[in-house]
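Undergrad: Below is one structure. I have some questions about it.
Every read-out reported here was derived from the displayed coordinates using simple, explicitly stated rules and does not represent laboratory data. Small disclaimer: the values here were computed from a predicted structure and weren't measured. Glycine also receives a Cβ, built like all others from the backbone with ideal geometry; neighbour counts cover every protein chain displayed.
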Amino acid sequence: AFIWRPLPRVTLINLVSNRTPEIVFLTAITWSPHDPPSHTISSKLTPVCPANVSSKDDSSSASLNIGTMIDINGFWTADMTTPLLTKSTGNIQELKNTPKLPSLIDTHCHLDLEILFPRLNELLYNARAAGVAAFVVPGVHPDSWDRIRHITLHEPDVYPAFGIHPMHSNHATRENLAKLSSIAGLGIAIGEIGLDPAYQVPLERQEQSFRDQLRIATEHNLPVLIHCRRHFQRTLQILKEEKASRVGGIMHAYSGSAEMAKEFIHLGFVISLSGTITWQNAIRPRKLAADLPLSSIVFETDSPDMTPQQFRGQPNQPAWMIEILHTISKIRNMNPNDVAASILTNTKRILPGIQAS
């Protein structure tokens, strides 16, 4: 069997209505083993997820939902942006080649959390098929570091960042900070760290934890992943005092003004935009996407949070980062290929520990 993995991708088009609810019947197609499947061909489509597939003659059927992978003799694709396969039904009568987008990198996804970790293989499979080439999993509590390390040891395109979230600043003890310093070199960044008045931890304690971790980052020459809610001016001041411009980093899920964003950019940071940009009531994120230099923007999902509008009510996942790309491309009136290429360059510049193409 010839295996094409994970690209080129194909887009399933020309769905014809079928009376059987929530079932898609896949008709036979053919392809040349020497070329991507852009020609007329002769083989059976086999959905690989879910597993309950029944075959009859030259067609096979299975219940398919958004995100379902489809295997065509080893060639597979995924539903990425507009639902190509939904709970509506139909015959797939034609396949058309989709040009490969430059790779995307999810700079912030909590794949270690219990709501996502049991589905890790599925989530990574979905995301890779949608063009996500690398994932950064940040630490929020010392107890999370071992699981993050375990994931990244087994998944070479998943990169760890170790840190203590401001809501857990009381755990930034001498012992835990010593451990953080000892494992810092195993990660590509320190984070997520910062300030957040929404949590019941005194700001003085948050600031001390923030400073201590910034010093570890500069000592190990690692960029930082910054969590900041409302206290942007104070965060900027601390970054300057701790000379964080030496390492730079990412303003994670940034929610401040464009004017303040430019201050962080001047300090050597980039601004991360998330699924909030797709929300119907999004005003500030869209203004940031329109006004900031594209060279200063990166993407993240913050999975399982900040789910894009189309999938609201479900835990977020890295595969849906494509929604962010298409929304920003529309806002800036740019080709998604050009936006994706620029975002990839920005991400690899600010996180040089990532090896992705």
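Undergrad: Provide the packing ranking of 138-148, 117-127, i.e. peptides ordered by the mean count of other C-beta atoms within 10 Å per residue, highest first. Intermediate results must be reported in sequence, preceding the final value.
TA: Details: 138-148: 20.2, 117-127: 17.4.
So the peptides 138-148, 117-127, ranked by packing, come out 138-148, 117-127.
Undergrad: Let me ask something else about it. Could you calculate the contour length gain from Ser295 to Asp146, that is, 0.36 nm times the residue separation minus the distance between their Cα atoms, to one decimal place in nm?
TA: 50.3 nm
Undergrad: Find the Cα radius of gyration of the stretch 126-179, compare it with 2.2 N^0.38 Å by division, and give the number to two decimals. Provide the component values of the computation, followed by the final result.
TA: Numbers: Rg = 13.3 Å, N = 54, 2.2 N^0.38 = 10.0 Å.
Taking N as the residue count of the stretch 126-179, the ratio is 1.33.
Undergrad: A further question follows. Can you compute the label reach from Gln233? Point 7 Å from Cα along the Cβ direction, backbone N cut-off under 20 Å, restricted to the stretch 186-202.
TA: Inside the label zone: 194-198.
Undergrad: If you count, for each residue, the other Cβ atoms within 10 Å and average over each peptide, how do 312-322, 287-297, 269-279 line up from highest to lowest? Write out the running numbers ahead of the final one.
TA: Details: 312-322: 20.5, 287-297: 16.6, 269-279: 23.7.
The packing order, highest mean first, is 269-279, 312-322, 287-297.
Undergrad: What's the Kirkwood radius of the stretch 143-297 in Å, using all Cα pairs?
TA: Details: mean 1/r = 0.0624 Å⁻¹.
Result for the stretch 143-297, one decimal place: 16.0 Å.
Undergrad: Classify the stretch 187-276 as rounded, prolate or oblate from the Cα gyration tensor: take a ≥ b ≥ c as the square roots of its eigenvalues, call it rounded if a/c is under 1.5, otherwise prolate when a/b beats b/c and oblate if not.
TA: Numbers: a/c = 1.42, a/b = 1.06, b/c = 1.35.
Rounded, because the longest to shortest axis ratio a/c is under 1.5.
Undergrad: So which of Lys243/Lys287; Lys179/Lys348; Lys179/Lys243 end up more than 25 Å apart by C-alpha?
TA: On the way: Lys243/Lys287 29 Å; Lys179/Lys348 27 Å; Lys179/Lys243 22 Å.
Too far apart for the 25 Å limit: Lys243/Lys287; Lys179/Lys348.
Undergrad: Would you mind listing how long the stretch 201-254 runs along its three principal axes, going by Cα atoms, in whole Å with the largest first?
TA: In descending order, the Cα extents are 28, 22, 16 Å.
Undergrad: In 5 Å bins starting at zero, report the fraction of Cα pairs in the stretch 247-357 per bin as a rounded %.
TA: Spelled out bin by bin, the stretch 247-357 gives 2, 13, 23, 25, 22, 11, 3, 0 percent.
Undergrad: Short version: ³J(HN,Hα) in whole Hz for each residue of the stretch 206-212, in order, from phi by Karplus 6.51 cos²θ - 1.76 cosθ + 1.60 (θ = phi - 60°), x for Gly and Pro, what are they?
TA: Going residue by residue, I get 4, 5, 5, 4, 4, 5, 4 Hz, with x marking Gly and Pro.
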